[in-house]
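These notes are about the structure you will find just below.
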Amino acid sequence: MQLMTTIAYLVTAILFMLGVMRLRSPATARSGNLLAAVGMAIALIATLIANHQFAALGAVIAAVILGAVVGTVSARQVRMTAMPQMVALFNGMGGGAAALVSVGEWFVPGHAAGAGAVSALFTILIGSISFSGSILAFLKLQEWMTGRPILFAGQRILNGLILLFDVAWAVVLLVHGSSAPTSWLGLLLIGALVFGVLVVLPIGGADMPVVISLLNALTGLAAAATGFLLGNNLLIIAGALVGASGTILTQQMSRAMNRPLMQIILGGFGQIKSSAAGVAADGVVQPATVEDVATLVAYARRVVIVPGYGLAVARAQQEVRQLMDRLQERGVDVRFAIHPVAGRMPGHMNVLLAEANVPYDRLYEMEAINPEFQQTDVALVIGANDVTNPAARNEPSSPLYGMPILNVDQAQRVVVIKRGMSPGFAGIDNPLYVNPKTNMLFGDAKESVSALLRALDAV
């Protein structure tokens, strides 16, 4: 029996690793998810058999069915624009589950001692921080509370003191072990939950996807520590995979924004600000009609479409794909420029366009497409604000300064489809909108692209 369980866990670990590897590309991501799901099913069955939990089989099956129903319904009903908050919510559930398991194990005789006690306390601390932080991130992204940074005097000092208390109190619990009163463990749990909330409160704007990725890494670490506590090698492997991938993704996103991770964690980014030189306020906006834009793109040799959150929230991906098809029929070279942090989560635009069956070879990452903008006739920006803001290159006093952007302002002409002149998620004015070669097509992305499709018939 032990041999069969070991083999099952080995197969599951391989499926998990293959699944994560296949998530690197939109073309293979679906099969990667399927492989990981099959691995999880094998792991669940093997764990039940290995631990002889047949008496609780009914309760386990009921829990699996309930979770599967909730997960399936949620995944099918959630819109792509709401996917980041769904990821935050599910991640929080993972961290909370790991913390609860460790709380239960703490009261098992012999577990609150030695390495087991260290694993339990570490999981309670990290899992609780991930849970409360992820829930607050969900509330911000869902707009059930303000998505802007919430700042107050002495905030960083308070955060540091609470973290110091949590670590010190965990050491106290480690010394006393199972003889410590139950209320002491509750105090650690509350302290960790409060710290998770306080860490995410000052986060806003474009930093939120980075924080979600960081919280995801913390959940992975909590799961791995729970594996050590339970003596479950598969849980250690799965947690390590999540922790490592989340950490790597966090680093990549921080690099893409050219902002140190500690600066992101300290927060404050995303407050409403005007550009340092007041360019967006003092310049002249040049509105365009649908007919003007239709003529521009119809006779262009190359058009680069830059998707952003405005495209996602309007659910205009199908119309954009039709626009690509129509322009290609005219012999126009159509490409899509994808910024690493466009939208509200990593890969948001890739998944959105894949949903509309846009060919993967038409999607160009920032490093590949930026050298092409100088040979581009029209850059069509649909809702992408912060990732096209030239202040990141030209204004040292701008909060965005140093962040790599899509160099759309180097195209021959720029057309921006946007509802109005309000700043983007980062709350910073975009001088691109008053650039002499930029035209603004105001309106909902879906309605504007649909009107553009109709106008192409007359060109």
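The values are calculated or read from the model by the stated rules, or taken from the named source; none is laboratory data. Quick caveat, the model's predicted, so the values are computed rather than measured. Cβ coordinates were reconstructed from backbone atoms using ideal geometry, including for glycine residues, and neighbour counts include every protein chain displayed.
Points worth noting:
- From 30, 24, residue being at negative phi and in a loop (DSSP other than H, G, I, E, B): 24
- Selection within segment 15-38 - of a type in the set (Val, Ile, Thr) and within 15 Å of residue 245 (Cβ to Cβ): 20
- Looking only at segment 365-382, residues that are at pLDDT below 95 and not in a helix (DSSP H, G or I) come to 1 in all.
- Some residue of segment 218-235 being part of a loop (DSSP other than H, G, I, E, B) and under 25 Å from residue 153 (Cβ atoms): no
- Some residue of segment 185-206 being more than 19 Å from residue 131 (Cβ to Cβ), in the same structural domain as residue 152 (by TED's automatic domain parsing), assigned to a helix (DSSP H, G or I) and within 14 Å of the chain's Cα centre (by Cα): yes
- Here residue 60 meets the list (1) under 30 Å from residue 350 (Cβ atoms); (2) surrounded by fewer than 23 Cβ atoms within 10 Å (Cβ to Cβ); (3) of a type outside the set (Gly, Ala, Ser) almost entirely, failing just condition (1).
- Selection status of residue 161, assigned to a helix (DSSP H, G or I) and under 17 Å from residue 118 (Cα atoms): no
- Residue, modelled with the highest pLDDT, within segment 266-282, restricted to residues that are in a helix (DSSP H, G or I), surrounded by fewer than 17 Cβ atoms within 10 Å (Cβ to Cβ) and aliphatic (A, V, I, L, M): 266
- Residue tally, condition out of contact with any Asp or Glu (no Cβ under 9 Å at 6 or more places or on another chain) and either more than 27 Å from residue 26 (Cβ to Cβ) or not charged (D, E, K, R) (or both), over segment 378-392: 8
- Yes/no for residue 400 being assigned by TED's automatic domain parsing to the domain that holds residue 311 and either more than 22 Å from the chain's Cα centre (by Cα) or without any contact (Cβ under 8 Å) to a residue 12 or more places away in the chain (or both): no
- Search result, residues across segment 98-128 that are of a type in the set (Val, Ile, Thr) and part of a helix (DSSP H, G or I): 101, 103, 118, 123, 124, 126
- Of all residues in segment 231-244 being buried (at least 18 other Cβ atoms within 10 Å of the Cβ) and not β-branched (Val, Ile, Thr), the one that is farthest from residue 210 (Cα to Cα): 232
- Filter result for residue 384 (among the small types (Gly, Ala, Ser), closer than 26 Å to residue 290 by Cα, touching a helix residue (DSSP H, G or I) at 6+ places or on another chain (Cβ under 8 Å) and in the same structural domain as residue 308 (by TED's automatic domain parsing)): yes
- The number of residues in segment 21-61 that are of a type in the set (A, V, I, L, M) and closer than 15 Å to residue 234 by Cα comes to 13.
- Total residues in segment 353-364, condition in contact (Cβ under 8 Å) with a residue 40 or more places away in the chain, under 12 Å from residue 305 (Cβ atoms) and assigned to a helix (DSSP H, G or I): 1
- Listed by first and then second residue, the pairs with beta-carbon distance under 9 Å, at least 6 apart or on different chains, first residue in segment 383-394 and on the phi < 0 side of the Ramachandran plot, second basic (Lys, Arg) and part of a loop (DSSP other than H, G, I, E, B), form an empty list.
- Verdict on residue 100 being more than 30 Å from residue 175 (Cα to Cα), outside the structural domain of residue 349 (by TED's automatic domain parsing) and within 32 Å of the chain's Cα centre (by Cα): no
- In segment 283-310, the qualifying residues are those that are touching a Phe, Trp or Tyr at 6+ places or on another chain (Cβ under 8 Å) and not β-branched (Val, Ile, Thr), and the one that is modelled with the lowest pLDDT is 283.
- Any hit, segment 64-82, residues being touching a residue at least 12 places away in the same chain (Cβ under 8 Å) and not in a helix (DSSP H, G or I): yes
- Hey, residue 320 among the hydrophobic types (A, V, I, L, M, F, W, C), surrounded by 22 or more Cβ atoms within 10 Å (Cβ to Cβ), more than 13 Å from the chain's Cα centre (by Cα) and at pLDDT 90 or above or not: yes
- Within segment 131-140, not a single residue is buried (at least 17 other Cβ atoms within 10 Å of the Cβ), in the same structural domain as residue 235 (by TED's automatic domain parsing) and in contact with an Asp or Glu (Cβ under 6 Å, 6 or more places away or on another chain).
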